[in-house]
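Here the structure comes first, spelled out in structure tokens, and everything after it is commentary.
The values are calculated or read from the model by the stated rules, or taken from the named source; none is laboratory data. Bear in mind the structure is a predicted one, so any value in this text is a computation, not a measurement. Positions of Cβ are generated from backbone atoms using ideal geometry, with glycine treated the same way; all protein chains shown enter the neighbour counts.
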Amino acid sequence: MTKNNTLTDTVSIALTGSGGAGVVTAGQMLVQAAANAGCYGLMVRSSGPQIRGGESAAYVRLGSDQVDNLGDAFDIMFAVDWLNVERFIAEIPLSENSLVICDAEAGDVPDVITATGAKIAALPLQKTAAETKGGRPNMVGLGILAALIGIADEAVEGTLEKVLGRKGSEAMASSRDCVHAGRELARDISQDGVTLQAQDNDAERWTITGNEMAGLGALRGGVRFVAAYPITPATEVLEWLAPNLAKVGGSLVQAEDELASINMAIGGSFGGIPSLTATSGPGLALMMESFGLALASETPVVIINVMRGGPSTGIPTKSEQSDLNIAVYGMHGDAPHITTAATSVSDCLFTTQWTVHLAEALQCPAIVLTDQSLGQTRAIVNKPADLAFIAKRETMAEGTENYRRYAVTASGVSPMSIPGMADGTYVADGLEHNPRGTPTSQAEDHSDQLDKRQRKLDTYDFGDHWAEILGDGETAIVTWGSCTGPAREACEQAAADGLDVKLISLRLLAPAQTDRFQEAIKGVKRMLVVEQTHSQQFYKYLRAHYDLPDDVKVFNQPGPLPVRPGLVHEQLKSWS
Amino acid sequence: MADTSEAPRLTFRSYKSDYKPVWCPGCGDFSVLNSILKALTELQVKPEDTAIISGIGCSSRIPAYTSVYGFHGVHGRALALASGLKLARPDLTVLATGGDGDGFSIGGNHFMHACRRNVDMTYIVMDNQVYGMTKGQASPTTAPEWEGSKLTPQGTGINPFQPLAIALAAGANFIGRGFAADQNGVAKLITEGVRHPGFSFIQVLSPCVTFRPEQRDWRDIVRPAPVEPTSNLSTAGKRLMGDDGFNTGVLFIGNRPSYVAESGGGTDLAEIEKSFAL
Ligand SMILES: Cc1ncc(C[n+]2csc(CCOP(=O)(O)OP(=O)(O)O)c2C)c(N)n1
Ligand code: SF4
């Protein structure tokens, strides 16, 4: 292994190029080819400011086991050209152990690259591609990379077939020739420790993004009505749901804005249909007033919020965890509700499905937080198991007399009547109300209903899913969301130094699980908090709800750069 | 609408709740409430298969005074909530109600898009050219020279919104105007609006006796429109742009099909999941 990858058996490759260079296609094919060889991997795409086209980059990490995050540095960088490469270079850590493959005719290697000390292999990429009719340097690159990391020809062939099969035999033939020519070019270069071991893998595997996972989680959970307003990076959740909801008998409507989409979802849910919408920061901000309506009227609804850089329009295409505050505290009034967070691409399914289940069971609105780095990453994963979580709402018993929608119950959950049920008519209201639903401004009614809405969350048993807990030790990392992958890898790096680190990643942010958290950190003397925000939102959240050990360090970094395992490891090292 | 052939006939009282409205004595909204109840009685829809959705304002209090399902939501979003309900539950009869502030100011965007979307439901706006609930500020339909509000003591100086013309341009499929005191006339408009497919918009001139007492005089001004309803867009456009806001009756009847959300069904989720397999 090179020093770039402490996680055993992974290889990290960055592909960059100007618009039309096809590096994203090549990256996708590389991941697919690795999958054909029985391996796993993921690809994160990064693009420039252009709406369409423009320079882009694909960050690929492959491994013999599931890969959840990017590594510390890239073993190989493949640059079709140098156009605007400085836009990406901060996202592509290189070292003297890295190999940079570029076109011999693309001009001088930029200083930012040579300064890293990486080995440079300038090869005739364009020239080789031009020798084939319709040939493209990205496919030459695919051949070079496949050869370097030891992916057999059949695995690449299968991918070409799958991706280009539809484009006809000419495109197939020229790509195949380029790949073979690339393999020839690769004979002259080498890179240590990047061999990907082919696996005999009979696990059922999927190629899927976090956004698709979230959409599927919604469907599996029983969501059958969705209202949508597009926003980067959440749009794919909605675009995946549109045709697939209809296939299972549900429906999706495109709303005029997020004020409408959240209200449409509330309307659908009032009609008894589990309902959802997906958005990102700016849209979430617009939805907040009506999210409170869902809460006060006890109408379940789920918002999937795929976080991007904020505030305001921020950095739409890049990840950040800075919507934590609005998701947990964003409503006016005393507003107990559910906020969950997915911990990996795969977990977008689990967390969404679980959250739909919780929202329906508790008749409470819920926010699922994912982020751009989970949502738009395509990964090879094992098919997620079927979960028992489905939407199940407690409804009014038939023959109920003198129905009271907001009856004060021991659990706080009151049986809900659904339009169509005789004897159950009521008016759902965002005005404070008495058990019948009549608006009231009396202190007693207010405190009864506040208590009831709080009690629903306080008495519910959220089980073990509130957090993912790994390992043991007097040192702990507490983190959440997409920082979980890098934090887990940092724990492995620390273990190699002989330091045992316990990892606690919270999946349930609200309601806070005080007893469970205190139990989980029993014996923990030092705590490292890891988050991707500028203002330490997660750390402050932890301080507000939990007793933390005296020795606490915070590693917080705003987007758009990903939290790298090695940076977290550095923090741990200073303790060991 | 549900088949009620065997059920006993529902009466006006079957649609009325026992709550006493919070409105000022003499408020036009009392009459509109009666008209809605009359229309429901005429339509014979079951209370449990009917929902009235509203926002915030004096007029938005209506759902609680009926015995059907209701949602008293947030200010301005009644149409969005009602659209979601109707799209998710096409079997229900859905009405939305509210004021001119709720519908044309804070909810103006939803108004336009509800007309455009043409979901099969009926929207009744009690237009009193003022924000009643917040104690008398100018609304989008207030005349520019009205000086009765502390917030705009010189008058707003801006042109009033033309709800019917905008509804027409945006694509509403049924447009009518009534005067609150004409309870039977308004009830008839609502009945026709509910029966007509697509989005039906009914503006009811409903005096706010507290902040616009001069609106009591509307009774002397309103008149049935001197022409037959039209389904011709340009004829309707000319009439609506030309009228003084006091012609009542059905003013436009369109023939666009209602929008329904696409929903085929019949596919197993496992089948869908196969698309993710390597
Ligand atoms: C978001 C928000 N902004 C402001 C208000 C205050 N508010 C309540 S009702 C209302 C206007 C009501 O006027 P209209 O819709 O014309 O109804 P009316 O009371 O005249 O029947 C306003 C501004 C609110 N409830 N919510
Ligand atoms: S303030 Fe005006 S609109 Fe409101 S109840 Fe009184 S009269 Fe009616």
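Numbers below:
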quantity	calculated
Filtered residues of the stretch B:1-52 (kept if more than 18 Å from the chain's Cα centre (by Cα) and within 16 Å of ligand 2 (Cβ to nearest atom))	B:Tyr19, B:Lys20, B:Pro21, B:Val22, B:Trp23, B:Cys24, B:Pro25, B:Gly26
Number of the condition not met by B:Phe71 [criteria: (1) within 16 Å of ligand 2 (Cβ to nearest atom); (2) touching a strand residue (DSSP E or B) at 6+ places or on another chain (Cβ under 9 Å)]	(1)
Number of the condition not met by A:Ile390 [criteria: (1) within 14 Å of chain B (Cβ to nearest Cβ); (2) in contact with a Gly (Cβ under 6 Å, 6 or more places away or on another chain); (3) within 14 Å of A:Glu298 (Cβ to Cβ)]	(3)
Residues that are part of a strand (DSSP E or B) and among the hydroxyl-bearing types (Ser, Thr, Tyr), drawn from the stretch A:489-519	A:Ser505
Residue in the stretch A:336-347 that is within 14 Å of another protein chain (Cβ to nearest Cβ), at pLDDT 95 or above, under 30 Å from A:Ala203 (Cβ atoms) and in contact with a strand residue (DSSP E or B) (Cβ under 7 Å, 6 or more places away or on another chain) present	yes
A:Ala296 within 10 Å of another protein chain (Cβ to nearest Cβ), among the aliphatic types (A, V, I, L, M), in contact with a Gly (Cβ under 9 Å, 6 or more places away or on another chain) and under 15 Å from B:Leu87 (Cβ atoms)	no
Qualifying positions in the stretch A:78-111 - within 21 Å of A:Val563 (Cα to Cα), among the hydrophobic types (A, V, I, L, M, F, W, C) and part of a loop (DSSP other than H, G, I, E, B)	A:Phe88, A:Ile92, A:Leu94
Qualifying residue in the stretch B:17-31 (condition: β-branched (Val, Ile, Thr) and either more than 10 Å from every other protein chain (Cβ to nearest Cβ) or away from ligand 1 (no atom under 15 Å from the Cβ) (or both))	no
Members of the stretch A:420-450 that are acidic (Asp, Glu), over 19 Å from B:Ser54 (Cα atoms) and crowded, with 17+ Cβ neighbours inside 10 Å	A:Asp445, A:Asp448
Strands (runs of 3 or more DSSP E) enclosed by the stretch A:324-407 - at least 3 residues per element that are among the β-branched types (Val, Ile, Thr) and within 25 Å of A:Ala234 (Cβ to Cβ)	A:338-341, A:366-371
Criterion: charged (D, E, K, R) and over 20 Å from the mean Cα position of the chain (by Cα) - qualifying residue of A:Asp386, A:Asp371, A:Asp429	A:Asp429
Residues of the stretch A:226-242 that turn out to be farther than 22 Å from A:Phe350 by Cβ, of a type outside the set (Val, Ile, Thr) and either touching a helix residue (DSSP H, G or I) at 6+ places or on another chain (Cβ under 9 Å) or crowded, with 23+ Cβ neighbours inside 10 Å (or both), as a count	4
Only listed residue being basic (Lys, Arg), farther than 21 Å from A:Ser373 by Cβ and within 14 Å of chain B (Cβ to nearest Cβ), chosen from A:Arg183, A:Arg224	A:Arg224
Answer from A:Met43, A:Met1 - the residue that is at pLDDT below 95 and not acidic (Asp, Glu)	A:Met1
In the stretch B:102-151, residue nearest to ligand 2 (Cβ to nearest atom) [restricted to those that are aliphatic (A, V, I, L, M) and within 14 Å of chain A (Cβ to nearest Cβ)]	B:Met133
Residue list for the stretch A:406-419, filter: within 14 Å of chain B (Cβ to nearest Cβ) and surrounded by fewer than 18 Cβ atoms within 10 Å (Cβ to Cβ)	A:Ile418
Some residue of the stretch B:247-258 being within 14 Å of chain A (Cβ to nearest Cβ), within 23 Å of the chain's Cα centre (by Cα) and assigned to a loop (DSSP other than H, G, I, E, B)	yes
From A:Gly310, A:Gly314, A:Gly250, A:Gly283, residue being touching a strand residue (DSSP E or B) at 6+ places or on another chain (Cβ under 9 Å) and more than 7 Å from chain B (Cβ to nearest Cβ)	A:Gly283
Some residue of the stretch B:85-101 being under 23 Å from B:Thr41 (Cα atoms), within 16 Å of ligand 2 (Cβ to nearest atom) and in contact with a helix residue (DSSP H, G or I) (Cβ under 8 Å, 6 or more places away or on another chain)	yes
Out of A:Gly19, A:Gly41, sole residue that is of a type in the set (Gly, Ala, Ser) and more than 23 Å from A:Cys483 (Cβ to Cβ)	A:Gly19
